[in-house]
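Have a look at the structure below before the remarks.
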Amino acid sequence: VFGDIKSANTKTKWAIFSYVQGNNYMIKIIQKGEGGVDDIKKFINDDTVFYIVFLMESGSEYGVIAKVALITYVGENSPGFLKALSAGHRNNFLECVRTYLSVIGVCQPESLKEFTTENVLVKVLGN
């Protein structure tokens, strides 16, 4: 899936990963897609932890620049032990993603309401 995100030949802009049910030490891809934050939010909820690899595009005087961010969403209703594990797992997952993609930033929205395109851009790009 990282190759799809990286490739100019596909429209894939993001991939969502979460824990394998019954195994809090393995994650798997649960969805990938072409849209933006609003499309991603259709597949996440407050009951668990999600790791999202997101290709963002921003315009500049030189054209469109694509940048990859890692977004960690820890749902309010996630089990406490999973919340604790996610801090360490986020770093491990980030290192894994970086072997395939150049990740320029990370962010962790506090709620689904806070998970907006604008907030992600501000946290990741500092715009």
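The values are calculated or read from the model by the stated rules, or taken from the named source; none is laboratory data. Remember, predicted model here, so these are calculated numbers, not experimental data. A quick note on method: Cβ atoms are made from the backbone with ideal geometry, for glycine too, and the neighbour counts reach across all protein chains shown. Remember, those area values only see protein heavy atoms, side chains included, never the ligands or the DNA or RNA. Shrake-Rupley method; radii C 1.70, N 1.55, O 1.52, S 1.80 Å.
Could you please find all residues in the range 106-127 being surrounded by 13 or more Cβ atoms within 10 Å (Cβ to Cβ), without any contact (Cβ under 8 Å) to a residue 40 or more places away in the chain and either touching a Cys at 6+ places or on another chain (Cβ under 8 Å) or of a type in the set (Lys, Arg) (or both)? Asn119, Lys123, listed by residue number. One residue stands out among those in the range 16-30 that are out of contact with any Ser or Thr (no Cβ under 9 Å at 6 or more places or on another chain) and not in a loop (DSSP other than H, G, I, E, B): the one that is farthest from Cys107 (Cα to Cα), which is Asn23.
Here Val37 meets each of (1) touching a strand residue (DSSP E or B) at 6+ places or on another chain (Cβ under 6 Å); (2) β-branched (Val, Ile, Thr); (3) closer than 15 Å to Thr117 by Cβ with one exception, condition (1). The residue that is modelled with the lowest pLDDT, among those in the range 43-59 that are closer than 22 Å to Thr12 by Cα and hydroxyl-bearing (Ser, Thr, Tyr), is Ser58.
Scanning the range 93-110 for residues that are over 14 Å from the mean Cα position of the chain (by Cα) and either polar (S, T, N, Q) or farther than 21 Å from Ala8 by Cα (or both) yields one hit, Thr99.
Given the criteria surrounded by 16 or more Cβ atoms within 10 Å (Cβ to Cβ), over 20 Å from Ile5 (Cβ atoms) and over 13 Å from the mean Cα position of the chain (by Cα), does Gly88 qualify? Walk me through it before giving the result.
Values: surrounded by 16 or more Cβ atoms within 10 Å (Cβ to Cβ): no; over 20 Å from Ile5 (Cβ atoms): yes; over 13 Å from the mean Cα position of the chain (by Cα): yes.
No: the conditions fail for Gly88.
Of everything in the range 38-57 that's in a strand (DSSP E or B) and open to solvent by less than 30 Å² (accessible area, probe 1.4 Å), which residue is farthest from Val106 (Cα to Cα)? The qualifying residue farthest from Val106 (Cα to Cα) is Val49.
Going residue by residue through the range 58-78, is there one that turns out to be hydrophobic (A, V, I, L, M, F, W, C) and assigned to a helix (DSSP H, G or I)? No, the range 58-78 has no match at all.
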